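The values are calculated or read from the model by the stated rules, or taken from the named source; none is laboratory data. As the structure is a prediction and not an experimental result, all values here were calculated from the model. Cβ: placed from backbone, ideal geometry, glycine included. Neighbour counts: every protein chain shown. Protein only, heavy atoms only, side chains kept; ligands, DNA and RNA dropped before computing areas. Shrake-Rupley method; radii C 1.70, N 1.55, O 1.52, S 1.80 Å.
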Amino acid sequence: MRPSQRAPLLAAVALIFVLAIVYSKRLTSPNKESMDWRSLAKQPMADAHDKAKYKTVLQPTPEQLAVNSDLSYSTLLKNVGEPEGVLTRVESDSPRANATLLSLVRNSELSGLIRTMRDVERTFNSKFNYPWTFFNDEPFTEHFKKRTRAATKAEIRYEVIPQDQWNAPGWINGDISEVSNKILLEDNIVYGQMGSYHRMCRWNSGMFYKHPALKDTRWYWRIEPNTQYFCSIDYDVFKYMEDNDKTYGYVINIYDAPQSIRTLWPTTMEFVAKHPEYLHPNNSLAWLMEDTLRPDHNTIANGYSTCHFWSNFEIGDMNFFRSDAYDKYFEYLDQSGGFFYERWGDAPVHSIGLGLFLDKSKIHWFKDIGYVHQPYFNCPASDKCRGCKPGQFVATSNMNKENCIETFFKYAHAD
């Protein structure tokens, strides 16, 4: 081997050796909480982990900390009717909204998707006939297309995600990512070592609304395979959002694993310090920073409660995500590498963006929509619902502590 060939090989071996040493130290370090992917990447940690500095970038005002609602989750799910405001019925002559039912789905998930499509068509879309848009990082099979076309009378669009949207960006160091994912495994973070999961979270966080197939679409309802819908929806949910000045709708609000997002909040505070103009004056900061119910979460996540809208169900206005505030926020997060060096999910990223940059009055709880994505439920007491237990949040009571929706009620609102 010539000397010119030997040098790159030795450099690669040296990098792997250093990473192995760092990782072995990470496993045995008594100061485990202070180490993360930034140290592995040899990046300066002073700014990103000066917790005192970044906790004081933003603090809730007394007005934001005032209790808005102390009603309980179970109380609010009793005798649930349709939301107040303007409602568009199926017999209305008013034009449909510019909207789609959206699903990121693999060919292998077809059976679970068909079950969910049947629920959505039965409860809602057979009345309103909104198009479905399916996304995949590889082409859909003819079998997939045949089965899904048989499940709806609505138009279906089958779209492939461009590789430059799906793959890890060029600034991600694969060796560092590999070691960091081993740390996630050590911390028992689900899907932490699945590259496809990291790519999915990044795409759902800040790429989906940039796909060419959606460039002329405003509203979306995210549909996940293997989810269930229990209640008849007799009004147009998209027109409800449009006519009542809403931007984002959710059904479930839960805590995230703080070990998966240790640096998400400090990185967010870096962005806010540089762009305070994007903060909405009627934001949900007190909800994001709540630290009484699960103080350990707030500590590990460096100032963020980890409470978030569970984004496997969301009805949203893509114009918000296309805004300078959110899109630049996503780009800042993306450049930091946390989607691959940690396991930043689209749910906390969407929630923080909404909580900081959107008027909280524009966020709506669709409490009348019965839904389950195992193991969590939203099940209202309503004569429009069948198949779930009213008020149930989870099948096993020891997981009720994961429900943080009452903190949103407390610091934002309960509608």
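Details
- Count - residues of segment 384-404 that are touching a residue at least 24 places away in the same chain (Cβ under 8 Å), part of a loop (DSSP other than H, G, I, E, B) and not basic (Lys, Arg): 6
- Any hit, segment 248-255, residues being part of a helix (DSSP H, G or I), over 21 Å from THR133 (Cα atoms), open to solvent by less than 20 Å² (accessible area, probe 1.4 Å) and among the β-branched types (Val, Ile, Thr): no
- Residues (under 16 Å from the mean Cα position of the chain (by Cα) and crowded, with 24+ Cβ neighbours inside 10 Å) located in segment 353-371: GLY353, LEU354, GLY355
- Residue satisfying condition, being hydrophobic (A, V, I, L, M, F, W, C), surrounded by fewer than 19 Cβ atoms within 10 Å (Cβ to Cβ), touching a helix residue (DSSP H, G or I) at 6+ places or on another chain (Cβ under 9 Å) and in contact (Cβ under 8 Å) with a residue 40 or more places away in the chain, within set ALA381, ALA414, ALA347: ALA414
- Scanning segment 308-323 for residues that are outside any helix (DSSP H, G or I) and of a type in the set (A, V, I, L, M, F, W, C) gives PHE309, TRP310, PHE313, ILE315.
- Residue among VAL120, VAL80 that alone is at pLDDT 95 or above, open to solvent by less than 10 Å² (accessible area, probe 1.4 Å) and within 22 Å of PHE377 (Cβ to Cβ): VAL120
Residues are listed down the side, and each one gets a yes or a no for (1) under 20 Å from the mean Cα position of the chain (by Cα); (2) buried (at least 20 other Cβ atoms within 10 Å of the Cβ); (3) modelled with pLDDT under 95; (4) of a type outside the set (A, V, I, L, M):
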site: ALA99; (1), (2), (3), (4): yes, yes, no, no
site: ARG106; (1), (2), (3), (4): yes, no, no, yes
site: LEU113; (1), (2), (3), (4): yes, yes, no, no
site: PHE124; (1), (2), (3), (4): no, yes, no, yes
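- Hey, PHE140 surrounded by fewer than 21 Cβ atoms within 10 Å (Cβ to Cβ), of a type in the set (A, V, I, L, M, F, W, C), modelled with pLDDT of 95 or more and closer than 18 Å to PRO225 by Cβ or not: yes
- Applying a threshold of 7 Å to beta carbon distances and a minimum spacing of six or more residues, or different chains, the list of pairs starting in segment 194-216 at a residue that is without any contact (Cβ under 8 Å) to a residue 12 or more places away in the chain and polar (S, T, N, Q) and ending at one that is open to solvent by 30 Å² or more (accessible area, probe 1.4 Å) and not in a helix (DSSP H, G or I) is empty.
- Single residue of VAL179, VAL237 found to be β-branched (Val, Ile, Thr), buried (at least 19 other Cβ atoms within 10 Å of the Cβ) and at pLDDT below 95: VAL179
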